[in-house]
Each structure stands twice: as C-alpha cells, then as structure tokens.
Amino acid sequence: MTSQRKSTRSAAVIGAGQTGVTAALGLLDAGFDVTLYSDRDQRALRDDVPATGTALEFGETQQAESALGLDTYTARAPRHTGLTVRIAGPEREELIAFDGHFDGYVGVAVDTRLKADERLTAFAERGGRFIVQQVTPEKLGSIAAGVDLTLVATGRGGLSELFPVDESRTPYSAPQRSLLTVTVTGLDHDDSVFAHRSRAGGARSGFSIFAEQGEGWWGPYLHKDAGPSWAFLGWARPGSDWEKRFAAADSADSALRIVRELYRDYIDWDLPEVQATQVIAEDPHSWLKGAVRPVVRAGVGHTGSGHPVASLGDTSAAYDPIAGQGAQSGLIQAQRLVAAAAVHDGPFDEEWIGRQYRSFLAARGDAANRVTRLFLGDPELAEIGNTLFAAAAVEPRFASALVGLLHRPQPFLGIDSLDAAGRFITEVTGENADALLARFEPAGRFDRSTFTSSLATA
Ligand SMILES: Cc1cc2nc3c(=O)[nH]c(=O)nc-3n(C[C@H](O)[C@H](O)[C@H](O)COP(=O)(O)OP(=O)(O)OC[C@H]3O[C@@H](n4cnc5c(N)ncnc54)[C@H](O)[C@@H]3O)c2cc1C
C-alpha cells in the first residue's frame, strides 16, 4: 500500500531548552520542516543562564536519546554506577546506610546548557530554522495556524498557563522543599573520593537524608566549561534550619560556603570531600536556588483561535528533582512524540495529541510522579518507604532494586500497600520480606571520610 502522507509536514517547537531542542532535532531527522523558537539566542542560552537542573539521567532515558540518533554523553560524562544513601533520624541518630548499584545501566548528569547548545548546532547544520523571539500567546496562535504540529516546551513558566493543571495528578498545593544547587571542581572521580561510602568511590553519587531538615546529594557532573566536575543539590524542608541557610545564597561563592557549613554542622561524614571543592570561576551561573511545586498539566492546550498545541517537558509536568525525574520524563516524552509523529498519516489534532499524552503518562509520567512522592517522604507513602529503605539496608540486591526506581519508576506504580512492598522485596531477593526485615539494625555510626585532597598534599 502506498502512503498518502504529504512529503513534507511542518512543525513548530517553542522553547530551546534541552527538551525542545531534542524534539526539534528529532522531528527534523524524521523529515519535518521544523522551526524552533527561543526567547534567547544560542550564545545566551549557553552562557547567560544557569542550567535548569542537574538533569541526571539513567538507562531508559539514554535509550530514548539513542533511538533519536543522539549522543547520550555516556562516553564523555563521568559515569554514575550507583547511589549510596545515608539516613539520619530526628535526633540525628545514624540509622540507615546502603550502597545501591545500578544494575546494567549507568547515570550521567550533563549540563542542560551544553546539551541544548550542541543539539541546537546540529539542528541548524541539518537545515532547521531557529528564530529568536519571545513567543506570546497571540503569536503562538499565528505560529500554530501555519504548521501541522506545534509543541510548547517553554519550561515551568513560559506558556505553561495554556495547559490546565490536572488536579487529579497534582499531589501538592505548594513546593515541598527549597532547593540549592552548585557545580564545582576540585574533586576527581576515582576510588579515593567518597571511599568511606563505597568501594566504587567517585563513581557513585551520595545522598544524605535528615528526617526533619532535608536532603543533600553529591554526584559526578559534566559542566559545559569545566568538563568533568561535581554537582551538589540540596533540599530543605519548610521551616527548617537548612531552609534559612539556603535562602542566604546569592552567588556561587556564597552557595558553596553555605554547603560547606551545612556539611560541617550536619553531614560531617562527607566533610573532607566537600572542603576540597572549588567554585567554577568562569561560570557565574554555576549555582541556583528556588523551589519546584510538582504539577502535572494537560497534554493539549488551545491558542486563542482554537488551534490545539502539545505541551512537552517541564511545560507538561514539573517534578521536585528529588528523584531526578524531570529531564528524564521530558526526553522520553520527546522521543515518543517524535516516533509517533513520524509514522502518523492523519492530522495532528486534539485527539492525536491527547492520545500521545495519555500513553506517555501511562508509560512513564504517572510512575515518575509517584516515585518522586516516595523520595519526598510523602506521608501517604511513608510506611511503604520505611519498609523499602530498611530492606535496602539489609540486602544489597534490594538496594540496587530501590535505586533502580530512579531509572525505571514503573514497578512502583503497583506498590500501594505494605503487602505489595513485601512482595516486591521477595520478588527481588527471593526471601520472605518479614524475615529479611527482622535482620534490620540501625547503622549506629556511619563511616567518616578520611579523604585527603591531592591538591592539599601537593
Ligand atoms: C535543581 C534541579 C535539579 C534537577 N535535577 C534533575 C535530575 O537530576 N534529573 C532529571 O531528570 N531532572 C532534573 N531536574 C529537572 C530538569 O532539569 C528539567 O526537567 C529539564 O531541564 C527541563 O527542560 P525543558 O527543556 O523542559 O525546560 P527549560 O530548560 O526550562 O527550557 C525552556 C526554554 O524555553 C524558553 N522559553 C520560555 N518561555 C518562552 C517563550 N515565551 N518563547 C520562547 N522561549 C521561551 C526558556 O528561556 C528556556 O530556554 C532538575 C531540576 C532542578 C530545578
């Protein structure tokens, strides 16, 4: 049968963050005539703004990028081979320690500005049209009227208001944490770094959780200028001491000072590594503070004249970054949209856009949202969370399965009771969950770092 498809169909993508550029490049390679709109030019996107987030991503997301023929950065970025976790209680008692290995995949955290910049260069080289313009709702109307398919990837702000909030999928009315992030150099990724947490040392990322304060995370990172480096990401609970500290950051220097003091006062097991870090002088935007309210929006919006447009990336769903789901979801969503558009013969109407979005939510979005709630310590999931984290402390295979939810969150959709949590533990370990959990003992005292910076000893 011969296809009746028009030889060239047209698409507009609004927003040149990493998700928008990825979709634009994918559509271009799928034979679309693509115009990408951005409120900043390419140089400003790279050098005048902070990275949107740490954007740590794992195997399933890397497969989505590979399916689009794109560089996954796994050969260039320092690799994460697992996640080590330390959990302290309300009285700072040192309760849970485990080292979860990433089984069959790795993580990479790539500067979103670098990824967008390189994909934008490829987009222009392959004949894509790049227009620097702040797209208003009115302008969106005329853009959408002139093309077959319009994707809106303007992030959490931008044009997101065109897509109504899906209240049934939006769990919170306010952000659950204040965030502080800073990217640094001064630490290698060899096994002398964070060696007290894991023999894999600097190939692991390290998470520390304080029941009433928040969470701190360090992980290998690929910075656009400095290359292989490290990223800190901190979460502060509302009303906590950490929240006051994070609020005082107003530069990369002050952010790093606040982080060092935080580790001195609360997380001393990692202090020597943190003291060895240095700010990236050539990038004044290497830090960020703020908060994200997890929100899920509709997949279809309408311009003033009634044209349907599709939401994409953070415009569709904003996640608190605690489980690293935002960039991952956006890239998977982009790949799925491109793959579906490439083989679709009919109009890209409201029905088609809505169907793609529902299928993305079922395949990834809903699970990503629920895993984010688990790692946020959502009271509704607290008992399940306590059980899973305790099991991880007892059995390394389960630690690997638990951190694997960051890579593939889907198994967690079915874990809606303590019985289901027990079944998950048994499936992974082959052992009765109660018997396994009976072996749990509080950590007592975490190992402390004895790291000495090679710079300090040079
Ligand atoms: C602190 C932090 C840490 C994070 N860590 C992780 C992690 O480890 N793993 C993970 O998967 N996710 C993480 N995330 C989430 C991730 O960074 C984002 O989901 C992702 O980068 C969003 O990309 P985007 O392209 O959808 O949006 P954006 O990066 O926000 O891009 C939107 C673009 O649209 C442009 N724009 C806006 N309005 C207009 C307009 N009207 N006209 C034209 N252009 C416009 C903007 O200037 C911007 O360039 C983190 C987020 C934060 C805040």
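Once you put a point 7 Å from the Cα of HIS285 and another 7 Å from the Cα of GLU125, both along the Cβ direction, what distance in nm separates them?
Each label point is offset 7 Å from its Cα along the Cβ direction, giving 2.3 nm.
To the nearest 10 square angstrom, what accessible area does ASP434 show with a 1.4 Å probe?
Looks like 120 Å² after rounding.
Round to a whole number: what % of the accessible area of the range 190-331 belongs to carbon and sulfur, probe 1.4 Å?
50
Ordered by packing density, taken as the mean number of other Cβ atoms within 10 Å over each peptide's residues, highest first, how do 152-165, 108-121 rank?
Values: 152-165: 19.5, 108-121: 23.0.
Taking the mean over residues of other Cβ atoms within 10 Å, the ranking is 108-121, 152-165.
Can you give the % of DSSP beta bridges in the chain that are antiparallel, to the nearest 5?
65
So who's got an amide H within less than 5 Å of the one on THR170, skipping anything under 5 residues away but keeping other chains? H placed 1.01 Å off N, in plane.
HN-HN under 5 Å from THR170: VAL296.
May I ask you to derive the relative contact order of the range 342-419, considering only C-alpha pairs under 8 Å and at least 6 residues apart, and to give it as an integer percent?
Worked out over the range 342-419, it gives 33 percent.
How tilted is helix 366-375 with respect to the longest principal axis of the chain? Cα atoms for both, answer in degrees (0 to 90, nearest 10).
20
Would you calculate a helix-derived [θ] at 222 nm for the chain, using -39,500 (n - 2.57) for each DSSP H run of n ≥ 4 and dividing by the full residue count, to the nearest 500?
Here the helix-only value at 222 nm equals -10000 deg cm²/dmol.
State, to one decimal in nm², a quarter of the convex hull surface area for the C-alpha atoms of the chain, i.e. the direction-averaged projected area.
Details: hull surface 89.7 nm².
Average projection, Cα convex hull of the chain: 22.4 nm².
Tally Lys and Arg at +1 and Asp and Glu at -1 over the other residues with C-beta under 12 Å from the C-beta of THR426: what net charge comes out? Walk me through the numbers on the way to the answer.
Working: positive: ARG397, ARG423; negative: GLU395, ASP419, GLU427, GLU431, ASP434.
The answer is -3.
Name the trypsin sites (Lys or Arg not before Pro) in the range 334-441 that are in a loop by DSSP and that have at most 15 other C-beta atoms within 10 Å, would you? Provide the component values of the computation, followed by the final result.
Details: sites: ARG336, ARG355, ARG358, ARG364, ARG370, ARG373, ARG397, ARG423, ARG439; in loops: ARG439.
Here the trypsin sites (Lys or Arg not before Pro) that fit, given the DSSP loop and packing criteria, are ARG439.
Taking Rh as the Kirkwood radius, which is the inverse of the mean 1/r over Cα pairs, what is the Rg/Rh value for the range 24-154?
Looking at the range 24-154, the ratio lands at 1.10.
Below 8 Å between Cα atoms, with a sequence gap of 6+, how large is the relative contact order for the chain in percent?
21
Could you tell me how many degrees, from 0 to 90 and to the nearest 10, lie between the Cα long axis of helix 418-429 and the main elongation axis, the longest principal axis, of the Cα atoms of the chain?
80
Heavy atoms only, probe 1.4 angstrom, no DNA, RNA or ligands counted: give me SER173, SER205, SER142 ranked by accessible area, highest first.
SER173, SER142, SER205
What fraction, in whole percent, of alpha-carbon pairs in the range 335-410 exceed 13 Å separation?
72
Name the GluC sites (Glu not before Pro) in the range 211-254 that are in a loop by DSSP and that have at most 15 other C-beta atoms within 10 Å, would you?
On the way: sites: GLU212, GLU215, GLU243; in loops: GLU212.
Filter output for the range 211-254: GLU212.
If we sort 32-42, 61-71 on the protection proxy, mean other Cβ atoms within 10 Å, highest first, what's the order?
Highest-to-lowest ranking by the protection proxy: 32-42, 61-71.
Might you tell me the accessible area per residue for the range 277-324, computed with a 1.4 Å probe and given in Å²?
33
Please report, as a whole percent, how much of the solvent-accessible surface of the range 56-124 comes from carbon and sulfur atoms (probe radius 1.4 Å).
It is 50 percent, rounded to a whole number.
In terms of modelled amide H atoms, which long-range or inter-chain residues lie less than 5 Å from the amide H of ARG204?
Result for ARG204 returns THR81.
Between ILE280 and residues 5 or more places away or on another chain, which pairs have amide H atoms under 5 Å apart, with H built 1.01 Å from N, and which residues are they?
Under 5 Å from the amide H of ILE280 lie the amide H atoms of THR185, each far enough along the sequence or on another chain.
Largest first and in whole Å, what are the equivalent-ellipsoid semi-axes of the range 115-255 based on the Cα gyration tensor, each being the root of 5 times an eigenvalue? Show your work: numbers first, answer last.
Numbers: eigenvalues 266, 121, 40 Å².
The answer is 36, 25, 14 Å, longest axis first.
Which of the peptides 186-193, 22-29 is most tightly packed, and how do the rest follow, going by the mean number of other Cβ atoms within 10 Å of each residue?
On the way: 186-193: 18.2, 22-29: 26.5.
Top of the packing list down: 22-29, 186-193.
Rolling a 1.4 Å sphere over the protein heavy atoms, what is the accessible area per residue of the range 170-252, to the nearest Å²?
In whole numbers, the range 170-252 has 32 Å² accessible per residue.
In nanometres, what is the gap between the two model label sites at ARG260 and ASN432, each 7 Å from Cα along Cα-to-Cβ?
Once both label points are built, they end up 5.4 nm from each other.
Two decimals, Cα atoms only, Kirkwood Rh: what is Rg/Rh over the range 299-458?
1.13
Can you give the angle from 0 to 90° between the axis of helix 350-360 and the longest principal axis of the chain, with both taken from C-alpha atoms, to the nearest 10?
Between the helix axis and the principal axis of the chain, the angle is about 20 degrees.
What is the sum of charges around ARG439, taking Lys and Arg as +1, Asp and Glu as -1, for the other residues whose C-beta is under 11 Å from the C-beta of ARG439?
Details: positive: none; negative: GLU395, GLU431, ASP434, GLU441.
The answer is -4.
HN-Hα J couplings of the range 235-251 from phi, Karplus 6.51/-1.76/1.60, θ = phi - 60°, integer Hz, Gly and Pro as x?
So the J values, rounded to whole Hz, are 10, 10, 6, x, x, 7, 4, 4, 4, 4, 5, 4, 4, 7, 5, 9, 6.
So which trypsin sites (Lys or Arg not before Pro) in the range 215-268 pass both tests, a DSSP loop state and at most 10 other Cβ atoms within 10 Å of the Cβ?
Details: sites: LYS224, LYS244, ARG245, ARG257, ARG260, ARG264; in loops: LYS224.
Passing both the DSSP loop test and the Cβ count: no residue.
The values are calculated or read from the model by the stated rules, or taken from the named source; none is laboratory data. Note that the structure is predicted; figures quoted are calculated from it, not measured. Cβ: placed from backbone, ideal geometry, glycine included. Neighbour counts: every protein chain shown. Side chains included, ligands, DNA and RNA excluded: accessible areas come from the protein's heavy atoms. Shrake-Rupley method; radii C 1.70, N 1.55, O 1.52, S 1.80 Å.
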